[in-house]
Amino acid sequence: MALIIDKADAHPTLKDLDFSLDGRFLVSLGGGPCLIWDVETTTIVASILRENRSLNGNGSQILHVTTMRDRGGSIVSFDTSSWTRVSSKHVVPDPISAFSVSPDGELLAIGTIQGGVWLYKSINTRVTSIIKKSSLGLVTALKLSEDSRLLVSASMDSSVRVTKV
């Protein structure tokens, strides 16, 4: 194993890390902006402020992030070759508390502070499933199985739920 990136001062605190499906990019999230690293050159290629992030690829590489607007939660998508915004869509009326992308990049899962879970097709951001009250409190974590047939959700009420997709 060879160390290729060692940046102790990249973030004041580290909250999450994720690789793109092709392994070209590393996304790091901490206090301050989300940093997008090119793994080959070990340089920061983009910086995105104040959003929840996850990296997805379906054909071309797309970065899906969640944002909070005055009407509720939105999904914003960026083309990673140019870092330009390709779409933005309001998706839920409540603040988003958890976000996950399926391993194949086909589905996006969103959990809210009201305990709801929504599944969307990533290609057109259309709803495929809604579980209005998957938990009694805010959803803290979501993860789709490797084959995208199961969704596990965790909540601040210490419950864990596995749902067939």
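The values are calculated or read from the model by the stated rules, or taken from the named source; none is laboratory data. These numbers come from a predicted model, not from an experiment. All Cβ positions, glycine included, derive from the backbone under ideal geometry; neighbour counts span all protein chains shown. Accessible surface is based on the protein model in full, side chains and every heavy atom, while ligands, DNA and RNA are left aside. Shrake-Rupley method; radii C 1.70, N 1.55, O 1.52, S 1.80 Å.
The residue list Ile110, Ile96 contains one member that is within 11 Å of the chain's Cα centre (by Cα), open to solvent by 10 Å² or more (accessible area, probe 1.4 Å) and closer than 14 Å to Leu138 by Cβ, which is Ile96.
Quick check on Ser145: is it modelled with pLDDT under 90, out of contact with any strand residue (DSSP E or B) (no Cβ under 8 Å at 6 or more places or on another chain) and of a type in the set (S, T, N, Q)? Considered against the rule, which asks whether it is modelled with pLDDT under 90, out of contact with any strand residue (DSSP E or B) (no Cβ under 8 Å at 6 or more places or on another chain) and of a type in the set (S, T, N, Q), Ser145 comes out as no.
Might you let me know whether segment 15-30 holds any residue that is among the basic types (Lys, Arg), modelled with pLDDT of 80 or more and open to solvent by 80 Å² or more (accessible area, probe 1.4 Å)? Taking every residue of segment 15-30 in turn, at least one turns out to be among the basic types (Lys, Arg), modelled with pLDDT of 80 or more and open to solvent by 80 Å² or more (accessible area, probe 1.4 Å).
Residues of segment 8-27 that are over 15 Å from Glu40 (Cα atoms) and either of a type outside the set (Ser, Thr, Tyr) or within 13 Å of the chain's Cα centre (by Cα) (or both): Ala8, Asp9, Ala10, His11, Pro12, Leu14, Lys15, Asp16, Leu17, Asp18. Residue selection: Thr125 satisfies the criterion of being open to solvent by less than 20 Å² (accessible area, probe 1.4 Å) and of a type in the set (S, T, N, Q). As a summary of the residue check, Ser158 satisfies the conditions (1) free of Cβ contacts under 8 Å to residues at least 24 places away in the same chain; (2) of a type outside the set (Lys, Arg); (3) closer than 13 Å to Ile110 by Cα except for the one numbered (3). Filtering segment 128-165 to residues that are surrounded by 12 or more Cβ atoms within 10 Å (Cβ to Cβ) and small (Gly, Ala, Ser) leaves Ser129, Ser134, Ser135, Gly137, Ala141, Ser145, Ser148, Ser153, Ala154, Ser155, Ser159.
Selection of segment 88-117 for residues being over 22 Å from Leu21 (Cα atoms), outside any loop (DSSP other than H, G, I, E, B) and touching a Gly at 6+ places or on another chain (Cβ under 8 Å) yields His90, Val91, Val92, Ile96, Ser97, Thr112, Val117. Apart from one condition, Trp37 fits all of (1) of a type in the set (Phe, Trp, Tyr); (2) surrounded by 15 or more Cβ atoms within 10 Å (Cβ to Cβ); (3) at pLDDT below 80; the exception is (3). Being modelled with pLDDT of 75 or more, touching a Lys or Arg at 6+ places or on another chain (Cβ under 8 Å) and surrounded by fewer than 19 Cβ atoms within 10 Å (Cβ to Cβ) is the filter here, so list the residues in segment 44-73 that pass it. Selection gives Thr67 alone.
What do you reckon, is Thr84 surrounded by fewer than 17 Cβ atoms within 10 Å (Cβ to Cβ), at pLDDT below 90 and of a type in the set (Val, Ile, Thr)? Yes, satisfied.
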